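The values are calculated or read from the model by the stated rules, or taken from the named source; none is laboratory data. Note that the structure is a prediction, hence the values are computed from the model and not measured. Please note: Cβ atoms are built from the backbone with ideal geometry, for glycine as well, and neighbour counts cover all protein chains shown. Note: areas computed on protein heavy atoms with side chains; ligands, DNA, RNA excluded. Shrake-Rupley method; radii C 1.70, N 1.55, O 1.52, S 1.80 Å.
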Amino acid sequence: MDGVLVHEGQPVPGADEFIRRLRESGKRFLVLTNNSIYTQRDLAVRLRVAGLDIPPESIWTSALATARFLDSQRPSGSAYVIGEAGLTTALHEVGYVLTDIDPDYVVLGETRTYSFTQITRAIRLIEGGARFIATNPDPVGPSNEGSLPACGAVAAMITKATGVEPYFVGKPNPMMMRSALRALDGHSESTAMVGDRMDTDIVSGMEAGLHTILVLTGVMSRGQVDRYPFRPSQVVDSIADLIEMIDGDT
């Protein structure tokens with residue numbers, strides 16, 4: 001989503017036309033984000049304000065991927081959650097009980113209000129045997145004032161205190177892409193992934209067996225691509241360059 005369809009809260013030129021043509025074509029698609037704060041409906045409204053008409057069911061977050069993963073591992077389990085509505089809602093919807101009494105998991109997500117009390121409780125529960133899950137490894141998140149500590153940074157603090165590494169579900173774990181494919185009832189051989197980061201989007205798409213497309217409207221420049229030991233299937237300037245692909249065979 002960020003860097004591909006929107007940049008600093010504004011739509012990338014051509015993004016609205018790309019989404020419109022995609023919806024008219026009948027091709028199934030999902031907009032992915034590692035951000036676990038918001039629900040699908042929340043994000044749909046935020047995108048609509050930015051001028052992009054994307055239905056809630058076409059949005060996939062690390063919170064949804066985490067909930068699906070936990071449901072597959074331990075159905076009807078329990079979790080102590082540090083996070084916002086996007087994560088707690090996703091876990092409730094798969095039948096999880098949210099509790100701080102002997103939970104199966106400690107689940108760490110994104111929040112603007114990380115609490116010392118919550119982090120202390122998470123540390124003690126992990127020391128007591130709870131399994132440690134985190135929605136994504138991103139160390140910082142953006143804000144109007146500058147960088148904010150994000151899930152990966154807080155996870156590192158908990159790991160330092162407990163000696164326990166979390167299992168990260170979101171990108172660059174290809175689990176995120178595979179869960180999205182299952183949600184679409186899609187197949188890797190006939191699916192393309194468009195992202196703006198080599199170290200999260202492209203590597204996870206590649207490891208999931210997808211056709212990968214890097215756009216240069218986010219954090220990467222064309223000259224940085226060769227620094228990585230892997231390459232995307234395609235590099236284009238922006239999402240606008242992919243509009244004609246929608247009517248093709250890719």
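Details
- Members of the stretch 1-38 found to be open to solvent by less than 30 Å² (accessible area, probe 1.4 Å), more than 19 Å from residue 196 (Cα to Cα) and not aliphatic (A, V, I, L, M), listed by number: none
- Among residues of the stretch 96-117 that are open to solvent by less than 30 Å² (accessible area, probe 1.4 Å), those with a Cβ under 7 angstrom from a residue that is basic (Lys, Arg), sequence gap 6+ or separate chain, pair up as 105/131.
- Here residue 161 fulfils each of the conditions (1) open to solvent by 30 Å² or more (accessible area, probe 1.4 Å); (2) within 18 Å of the chain's Cα centre (by Cα) apart from (2).
- Among (1) assigned to a helix (DSSP H, G or I); (2) more than 24 Å from residue 239 (Cα to Cα); (3) open to solvent by 60 Å² or more (accessible area, probe 1.4 Å); (4) without any contact (Cβ under 8 Å) to a residue 24 or more places away in the chain - the single one residue 46 does not satisfy: (2)
- Restricting attention to the stretch 186-224, the residues that are part of a loop (DSSP other than H, G, I, E, B), under 16 Å from the mean Cα position of the chain (by Cα) and farther than 23 Å from residue 243 by Cβ add up to 1.
- Residue 146 meets each of the listed conditions (1) over 16 Å from residue 81 (Cα atoms); (2) without any contact (Cβ under 8 Å) to a residue 40 or more places away in the chain; (3) open to solvent by 40 Å² or more (accessible area, probe 1.4 Å); (4) not in a helix (DSSP H, G or I) apart from (3).
One line per residue, one yes/no per condition, for (1) under 24 Å from residue 174 (Cβ atoms); (2) assigned to a helix (DSSP H, G or I):
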| site | (1), (2) |
| --- | --- |
| 54 | yes, no |
| 57 | yes, yes |
| 64 | yes, yes |
| 72 | yes, yes |
| 76 | no, no |
| 88 | no, yes |
| 101 | no, no |
| 121 | no, yes |
| 136 | yes, no |
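- Across the stretch 193-220, the number of residues qualifying as at pLDDT below 95, open to solvent by 40 Å² or more (accessible area, probe 1.4 Å) and among the aliphatic types (A, V, I, L, M) comes to 1.
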